[in-house]
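The values are calculated or read from the model by the stated rules, or taken from the named source; none is laboratory data. Here the structure is a predicted model, which is why all the values come from computation and not from measurement. No Cβ is skipped: glycine too gets one built from the backbone with ideal geometry, and neighbour counts run over all protein chains shown.
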Amino acid sequence: MSDVIPANLLREQQAHKQSQQLGPGEENHYRIWQNLASPYSYKVMTYMNYKGIPYKRMEANVKVSMEEIPRLVGQTIVPVMLSPQDEVLQDSTPIIEWLEQRFPEKRVTPEDARLAFLMWLLEEFADEYMPRIHMHTRWGNEQNQRAVSHRIGRDLAYAIPDASVSDLADFMLSRQAGFNKHLGLTDRVRENMDQQVLDLLSILDEHFLHYQFLLGDKPSMADFALYGSLKVHLYSDPNSKETMEVHGPRTCNWIETITELGDTRGCVGQTTFGDWINLNAGVPESLHKLLSFTAKTYIPFAQACAQASKNKSKTFDAEVYGLTETFSVHQYRVWSFEQLQNRYVQLQGDEKQLIDEALTAAGVLPLMMTDGIVHSDLFDGFTPPVIKDGATDARIRYLLNKGKKAGML
Ligand SMILES: N[C@@H](CCC(=O)N[C@@H](CS)C(=O)NCC(=O)O)C(=O)O
């Protein structure tokens, strides 16, 4: 073995370094630490592609994940974004809301407060419940375990001369088993989880017969959030890719459309869009079915999580899709459910009436509000997405003060 770094690896290192700097003509570019396997990264990047917001993609290899990112935000997480002014931004939903204020063209939130609420509900479902589905499909079978651990290993090894893809793959695989119990992924629920995938695809495919996107004929924040999970996990992982193609052809088309947004090669990126759904004609049947799906999955899961946090429990039981399982309390989930409930409480008069009827018909209400709102102090005194003093939230600040490492890697 020679100590000389092979030429293409040298080029890779150079390209990695260059991706982190704003060169001439790039002064207005954002920079995003991301990786191939991260749904939240692709949620933000496809949103930026749609809006035409310029950015540079930076590969969060294992060195960056262990050193640079914890230095910026106090934990190992992607995406982390740097603004052209070097502000550090973390957390995909607040990042998009923050960018919406600065780039008001082609808004991704409907003006109709009723439709906007449905969007937030679907967005939360995508961000907070879909991980249970996509961790099941990704790590619940040997084909994906082998292929995806190596895919992630390849990404983590990028531009690092002495990194071994297969060692990193083994490491990824070994830590995965630990996540199952947090998401209630025991052997007895695997069949039920497969059914959830098929049912979700059936609902989406019916919806995409009538509409191009979730809330009509232009993409909303909920599209980008759901896209992240479905594209980066189910559509890219070999085992579930087959399920997607067989059971969700129109959903696959929706994925391809979002992937191509902003792409000028071959003039493929769509540039003209239709309107949002007009709720004055009522909630369309396919959207109602999607809301019902969230009522059987995300809502009982988030509701029980918030109650458990109030009772200072570390775990909770919830009946999800007809099966009771034990899950871990996740403070971020408590906080984001509170945000959703607050948005519901803000609805007034006629707006509230239509939403109440739609949510009750779908089974989201009364459960969503049954036990009131649990306040999470996770972000009290913090200003998401803007990170100050290297800590994303109160939990990370506490761990850092105790000298503990907060990252999972
Ligand atoms: N709420 C965050 C969640 C980000 C997140 O969970 N990212 C995952 C990858 S997609 C991560 O970095 N996990 C830590 C790890 O894998 O070590 C967001 O929306 O940006």
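The table below gives the values:
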item: Residue match in segment 284-292 (condition: loosely packed, with under 14 Cβ neighbours inside 10 Å, at pLDDT 95 or above, outside any strand (DSSP E or B) and in contact with an Asp or Glu (Cβ under 9 Å, 6 or more places away or on another chain)); result: yes
item: Within segment 99-112, tally of residues that are surrounded by fewer than 19 Cβ atoms within 10 Å (Cβ to Cβ) and either assigned to a helix (DSSP H, G or I) or aromatic (Phe, Trp, Tyr) (or both); result: 4
item: Count of segment 53-82 residues which are within 21 Å of residue 12 (Cβ to Cβ), in a helix (DSSP H, G or I) and either touching a helix residue (DSSP H, G or I) at 6+ places or on another chain (Cβ under 6 Å) or more than 8 Å from the ligand (Cβ to nearest atom) (or both); result: 7
item: Count of segment 227-264 residues which are within 16 Å of the ligand (Cβ to nearest atom) and either of a type in the set (Phe, Trp, Tyr) or in contact with a Phe, Trp or Tyr (Cβ under 8 Å, 6 or more places away or on another chain) (or both); result: 5
item: Which numbered condition residue 390 misses (of (1) outside the structural domain of residue 81 (by TED's automatic domain parsing); (2) in contact with a Lys or Arg (Cβ under 9 Å, 6 or more places away or on another chain); (3) not in a helix (DSSP H, G or I)); result: (1)
item: Lone qualifier among 28, 8, 49 - being away from the ligand (no atom under 16 Å from the Cβ), part of a helix (DSSP H, G or I), of a type outside the set (Ser, Thr, Tyr) and exposed (fewer than 13 other Cβ atoms within 10 Å of the Cβ); result: 8
item: Index of the failed condition, residue 92 passing every other in (1) away from the ligand (no atom under 16 Å from the Cβ); (2) buried (at least 17 other Cβ atoms within 10 Å of the Cβ); (3) not assigned by TED's automatic domain parsing to the domain that holds residue 286; result: (1)
item: The lone exception for residue 146 - which of (1) surrounded by fewer than 16 Cβ atoms within 10 Å (Cβ to Cβ); (2) of a type outside the set (S, T, N, Q); (3) within 30 Å of residue 304 (Cβ to Cβ); (4) without any contact (Cβ under 8 Å) to a residue 60 or more places away in the chain it fails; result: (3)
item: Failed item, numbered, when residue 216 is tested on (1) touching a strand residue (DSSP E or B) at 6+ places or on another chain (Cβ under 7 Å); (2) of a type outside the set (Ser, Thr, Tyr); (3) within 26 Å of residue 316 (Cα to Cα); result: (3)
item: One residue from 185, 122, 118, 156 being buried (at least 19 other Cβ atoms within 10 Å of the Cβ) and over 26 Å from residue 222 (Cβ atoms); result: 156
